[in-house]
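Below is one structure, written out as structure tokens, with a few remarks after it.
Every number here is computed from the coordinates shown, using simple stated rules; none is lab data. All values derive from a computational prediction rather than experimental measurement. Cβ sites come from the backbone with ideal geometry, for glycine too, and all protein chains shown count toward neighbours.
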Amino acid sequence: MLRRFGIANLRPAQQAALAALAAARDVLVILPTGGGKSLCYQLPAACGLSPAIVVSPLVALMKDQVDALRRRGVAAAQLSGAVSSAERDRAWGS
């Protein structure tokens, strides 16, 4: 599955976060830019293990992440003021 994301190995912080998720624990991941946060929510969601909710003040980053997940065949949606009410309804499954 890691090859799907273009990587060969997990970083230690990613391993810890994913191990906690595998143990059915809630996880809060705080890493610096470039630290690998995206994989910590994308991988479990891509495997169908759990939905992922990502909170970000950066609308452009949310769009980039949603686009990247969709390219990998993972259902993803963005909820922000940048999307129409119809798109928000679809994201919530309404």
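Taking a ≥ b ≥ c as the square roots of the eigenvalues of the alpha-carbon gyration tensor, region 54-94 is classed oblate because a/c is 1.5 or more while a/b is no larger than b/c.
Gain on full extension, evaluated as 0.36 nm per residue between Ala13 and Arg88 minus their Cα-Cα distance, stands at 23.8 nm. Let's see if you can work this out: charge +1 on each Lys and Arg Cβ, -1 on each Asp and Glu Cβ, no other charges. What is the dipole magnitude of the chain about its Cα centre, in debye to the nearest 20? Here the size comes out at about 280 debye. If the segment from Ser56 to Ala75 were pulled out straight at 0.36 nm per residue, it would be longer than the present Cα-Cα gap by 5.0 nm.
For the chain, the relative contact order is 18 percent, taking Cα pairs closer than 8 Å that sit 6 or more residues apart in sequence and dividing their mean separation by the residue count. Footprinting exposure proxy ranking of Ile7, Ile53, fewest other C-beta atoms within 10 angstrom first, gives Ile53, Ile7.
Each Cα pair under 8 Å and six or more residues apart adds its separation to the average, and for region 1-53 the resulting relative contact order is 29 percent.
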